[in-house]
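Working notes, structure below.
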Amino acid sequence: MSLLRRREFTAALAGSLALPALAKDTALPVPASLPAAAVAAAARGEPLVLLVTLPGCPYCELVRRHYLLPARTDAGLHAWQLNISDRSSPLTGFDGKATTAAAQVKAWKAGFTPTVLFLGPQGQELAERLVGIAVPDFYGAYLDERLATARKALAEGRQPGPANTPGGKT
């Protein structure tokens with residue numbers, strides 16, 4: 001990573017830590033129903049993109065602010081977030097049952113933040129999860145590649161199965 005890119009990354013990270021009030025301004029919406037959000041996304045030929053996040057996580061903020069929010073605003077990406085520690089807000093899971101974000105994230109074994117999931121209308125993973133943000137210089141390319149893979153799988157009508165369903169469950 002070049003010295004200039006490191007400085008930009010460090011400045012963005014420091015800004016995320018120093019200005020926690022901005023996190024509300026950059027929060028993605030939280031779905032009340034995973035099936036409804038996924039079906040709406042699929043109707044537009046898009047995967048449901050879910051950011052598994054944690055309040056105060058500076059890396060989550062970077063992913064939200066620099067990648068997912070611009071894609072949601074500019075390109076209409078169906079990007080949402082689930083707070084890994086939210087044990088109280090109701091959420092309808094892909095099985096139609098009431099759950100919470102924390103329980104759903106645990107079931108998906110997506111306990112590392114940030115994690116971005118790319119899901120189809122039945123909750124199947126359409127592309128490999130994007131876990132962490134180890135190399136900020138390439139994050140946009142990794143995200144674009146996963147989105148292309150997910151869109152292709154959605155267009156091909158990939159059905160859920162143990163290999164491509166969150167948590168390996170159908």
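Bear in mind that the values in this text are calculations on the coordinates, not laboratory data. Treat the numbers as computed from the prediction; the structure is a model and nothing was measured. A quick note on method: Cβ atoms are made from the backbone with ideal geometry, for glycine too, and the neighbour counts reach across all protein chains shown.
Points worth noting:
- Relative contact order of the stretch 3-157, pairs being alpha-carbon contacts under 8 Å that are 6 or more residues apart, as %: 26
- In the stretch 65-113, the trypsin sites (Lys or Arg not before Pro) that fall in loop regions by DSSP, at most 16 other Cβ within 10 Å: R87, K97, K109
- Only Cα pairs under 8 Å and 6+ residues apart enter the sum, and on that basis the relative contact order of the stretch 23-95 stands at 48 percent.
- Taking V105, V30 and counting other C-beta atoms within 10 Å, the order from fewest to most: V30, V105
- Computed over the Cα atoms of the stretch 3-157, the ratio of the radius of gyration to the Kirkwood radius (Rg/Rh) comes to 0.96.
- Debye intensity ratio in log₁₀ form over the Cα atoms of the stretch 71-139, taken at each q of 0.11, 0.19, 0.21, 0.26 Å⁻¹: -0.31, -0.90, -1.06, -1.35
- In loop segments of the stretch 68-116 as defined by DSSP, the chymotrypsin sites (Phe, Trp or Tyr not before Pro) with at most 16 further C-beta atoms inside 10 Å of their C-beta are F112.
- Label zone at A27, where the point sits 7 Å out along the Cα-to-Cβ direction: the stretch 66-88 residues whose backbone N lies under 13 Å: 81-88
- Pairwise Cα inverse-distance average, inverted: Kirkwood Rh of the stretch 112-160 (Å): 11.2
- Taking label positions 7 Å along the Cα-Cβ direction at both E128 and R44, the computed distance is 2.7 nm, reported to one decimal.
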